[in-house]
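The next block holds one structure in the form of structure tokens; read it before the comments.
The values are calculated or read from the model by the stated rules, or taken from the named source; none is laboratory data. Because the structure is a prediction, the values reported are computed rather than measured. Using ideal geometry, Cβ is built from the backbone for each residue, glycine included, and neighbour counts are taken over all protein chains shown.
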Amino acid sequence: MRDLILDYQIKSRSLEPELDVRRFLIDQMIRYSEEFLETISDRRAYDVPVESAQGDTLIGQVESLEDMLSYLRNKVDKNGINPASPGHLGYVPGGGIFTAAIGDFLAAVTNRYSGLKFANPGAVHIENELIEWSRSIIGYPDTALGNISSGGSIANLIAITCARDKMKIKGEKIYKSTIYLTQQTHHCIQKAIRIAGLEDCPVRTVALDEHYRMDTENLRYWINKDQKAGLQPFLIIASCGSTDTGAIDPLERIGGIAQQSGAWYHIDAAYGGYFCLCGEMREKLIGMDSSDSIVMDPHKTLFLPYGSGVVIIKEGKYLFDSFHYTANYLQDANPGTQNISPADLSPELTKHFRGLRMWIPLKLHGTEVFQSALYEKHLLTKYFYEQIQKLGFEVGPPPDLSICIYRYVPKNGRANEFNTLLVKMIQEDGRVFVSSTTLDQKYWIRIAVVCFRTHLKTIDLYISIIKEKLSQVEESMN
Ligand SMILES: *Cc1c(COP(=O)(O)O)cnc(C)c1O
């Protein structure tokens, strides 16, 4: 028996590489990441996606790290959208600041358990501190509690679940509890409503004003109508930075209406939330603190790698009530509100120690650099908004944050066709990546300046690309 055990120990020993092997592997990893970072400005923002061949990544076949890095180099890091590129101006770009990688590396190596306070008070303290900081910059009181989730979708699901439980929306009540949102509400909210078992709640799509913001008169109209019909306003969802146009709903006015009606007020600020770091922009964000819950994504506007969302509930006890459970095998975990852990505030138990990738950059760089970078993105978008009009483009509303929409209306009037072709050509060129949307049956091109590497020279490059492609599209359509 002992011999057999020792035999298996020897057979599995490569799971614990020795110092020289570790150094060899780390050296290859560092060289790969250096090669990536040193060439990032020259890399394409978009490569037309190519499917991998079957067998390329077969599990069960031992390969060297070098071979795997070669797969990454050719099949992953030169394929589709490059979110790390300064030229990524589509959707809501991501970040991936280098110092966050140090947090991820250490979190994986030390594998501290950050789900429960008794398992690691230090790790939980870091995550609590990050929530505490996030709640303080949006102006929530210290009754707030929150969670670092894997992203905005899960963060929104957590907030909606909490609202459901606080408002006791179940059984017959579901059919009489109304939800208010707009056409510009992110689709993950619809998903969350369904996952939370609320798809039979009457949902009102509140009208938009000419800036694609929620029309609060229309919200009032719906609420009055519903109340007269014996329905109960349950949930109002505002967007702080919509995906299509970056519009901020009138947060404060909606807060007032929510309070009068008794509805739970949720703000989806996945994209716009951390812009509150910019003092210059705070006026636009007044009323964030009038909500009951809010979501903001550090993997967007704090430039962290993907997999980082934040949800905060103003009266934190409701979040605890919604997600706290006990189990016999957790009897050593000192339950009680004095010892609140991430596992008490989210569906997760064992989880990635995400806080480390947020804590290290915030502490290492300070918060002011994030403020400067965000304000730069806002100004770059305003600059672009001016320049694109000089090229004869029609534009949507002035940018609230760092997204705007524009389209070219050619003399022949076939604008949708023209702009579709223009986007296709820009994407095929690949130096920058932009995406499009449709509003009121019009095809609009978007620009979203969120990648921390996007600077003035990227925007100037994009403008020169547009000039170049504009004449090509004109030629090909004639
Ligand atoms: C990105 C985004 C989401 C979804 O968040 P994920 O992190 O992609 O899951 C939700 N709402 C808004 C407004 C967003 O910008």
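Given the structure, is ARG23 under 23 Å from THR110 (Cα atoms) and at pLDDT 95 or above?
Against the criterion (under 23 Å from THR110 (Cα atoms) and at pLDDT 95 or above), ARG23 qualifies.
Restricting attention to the stretch 146-159, and to residues there that are hydrophobic (A, V, I, L, M, F, W, C) and within 12 Å of ILE294 (Cβ to Cβ), which single residue is nearest to the ligand (Cβ to nearest atom)?
ALA155
So ILE174 ticks every box in (1) within 16 Å of the ligand (Cβ to nearest atom); (2) touching a residue at least 24 places away in the same chain (Cβ under 8 Å); (3) over 13 Å from PRO250 (Cβ atoms) but one. Which box is left unticked?
Against the list (1) within 16 Å of the ligand (Cβ to nearest atom); (2) touching a residue at least 24 places away in the same chain (Cβ under 8 Å); (3) over 13 Å from PRO250 (Cβ atoms), ILE174 comes up short only on (1).
Which pairs turn up if I take residues in the stretch 285-307 that are charged (D, E, K, R) and look for partners that are within 13 Å of the ligand (Cβ to nearest atom) and modelled with pLDDT under 95 with beta carbon separation below 9 Å, at least 6 apart in sequence or on another chain?
The qualifying pairs are ASP297/VAL92; LYS300/VAL92; LYS300/PRO93; LYS300/GLY94; LYS300/GLY95.
Taking the conditions exactly as written (assigned to a strand (DSSP E or B), within 28 Å of the chain's Cα centre (by Cα) and either crowded, with 16+ Cβ neighbours inside 10 Å or at negative phi (or both)), does ARG446 satisfy them or not?
yes
Give the stretch 177-222 a look and list any residue that's farther than 19 Å from GLY151 by Cβ, without any contact (Cβ under 8 Å) to a residue 24 or more places away in the chain and either among the acidic types (Asp, Glu) or within 13 Å of the ligand (Cβ to nearest atom) (or both), or say none.
Within the stretch 177-222, GLU199, ASP209, ASP215, GLU217 qualify.
GLY273: over 18 Å from the mean Cα position of the chain (by Cα) and either at positive phi or within 16 Å of the ligand (Cβ to nearest atom) (or both), yes or no?
no
Please give the number of the condition ARG43 fails out of (1) out of contact with any strand residue (DSSP E or B) (no Cβ under 9 Å at 6 or more places or on another chain); (2) at pLDDT 95 or above; (3) not hydroxyl-bearing (Ser, Thr, Tyr).
Of (1) out of contact with any strand residue (DSSP E or B) (no Cβ under 9 Å at 6 or more places or on another chain); (2) at pLDDT 95 or above; (3) not hydroxyl-bearing (Ser, Thr, Tyr), only one is false for ARG43: (2).
Would you confirm, using the coordinates I've provided, whether ILE237 is within 16 Å of the ligand (Cβ to nearest atom), free of Cβ contacts under 8 Å to residues at least 60 places away in the same chain, part of a helix (DSSP H, G or I) and within 20 Å of CYS162 (Cα to Cα)?
No; evaluated as a whole, the condition is false for this residue.
Looking only at residues that are within 16 Å of the ligand (Cβ to nearest atom) and in a helix (DSSP H, G or I) in the stretch 240-270, which one is nearest to CYS404 (Cα to Cα)?
Across the stretch 240-270, the extreme among qualifying residues is LEU251.
Does any residue in the stretch 135-161 that is outside any helix (DSSP H, G or I) and at pLDDT 95 or above come within less than 6 Å, Cβ to Cβ, of a residue that is more than 12 Å from the ligand (Cβ to nearest atom) and among the hydroxyl-bearing types (Ser, Thr, Tyr) six or more places away or on a different chain, and which pairs are these?
Partner pairs satisfying both residue conditions: ASN147/SER346.
Which members of the stretch 27-41 meet the condition of being polar (S, T, N, Q) and in contact (Cβ under 8 Å) with a residue 24 or more places away in the chain?
Passing the criteria: GLN28, SER33, SER41.
Filter the stretch 1-17 down to the residues that are within 25 Å of ALA108 (Cα to Cα), loosely packed, with under 10 Cβ neighbours inside 10 Å and of a type in the set (D, E, K, R) and list them by number.
Hits for the stretch 1-17 are LYS11, GLU16.
Which pairs do you get when a residue that is without any contact (Cβ under 8 Å) to a residue 40 or more places away in the chain, found in the stretch 451-473, comes within reach of a residue that is part of a helix (DSSP H, G or I) and buried (at least 21 other Cβ atoms within 10 Å of the Cβ), reach meaning Cβ atoms under 8 angstrom, with the pair 6+ apart or on two chains?
If the second residue must be part of a helix (DSSP H, G or I) and buried (at least 21 other Cβ atoms within 10 Å of the Cβ), the pairs left are ILE465/ILE426.
Evaluate the following for GLN427: is it assigned to a helix (DSSP H, G or I), in contact (Cβ under 8 Å) with a residue 40 or more places away in the chain, within 16 Å of PRO93 (Cα to Cα) and not aliphatic (A, V, I, L, M)?
yes
Among the residues that make up the stretch 179-190, is at least one of them assigned to a strand (DSSP E or B), buried (at least 16 other Cβ atoms within 10 Å of the Cβ) and of a type in the set (A, V, I, L, M)?
The answer is yes; a qualifying residue exists.
Condition first: touching an Asp or Glu at 6+ places or on another chain (Cβ under 7 Å) and of a type outside the set (Ser, Thr, Tyr). Now tell me which residues in the stretch 423-445 satisfy that.
GLY430, LEU439, listed by residue number.
Would you mention how many residues in the stretch 296-323 are surrounded by 16 or more Cβ atoms within 10 Å (Cβ to Cβ) and more than 18 Å from GLY95 (Cα to Cα)?
The number of residues fulfilling the criteria is 11.
Pick from the stretch 54-75 the residues that are touching a residue at least 12 places away in the same chain (Cβ under 8 Å) and of a type outside the set (D, E, K, R): which of them is farthest from GLU34 (Cα to Cα)?
Step by step, filter the stretch 54-75, then rank; the result is THR57.
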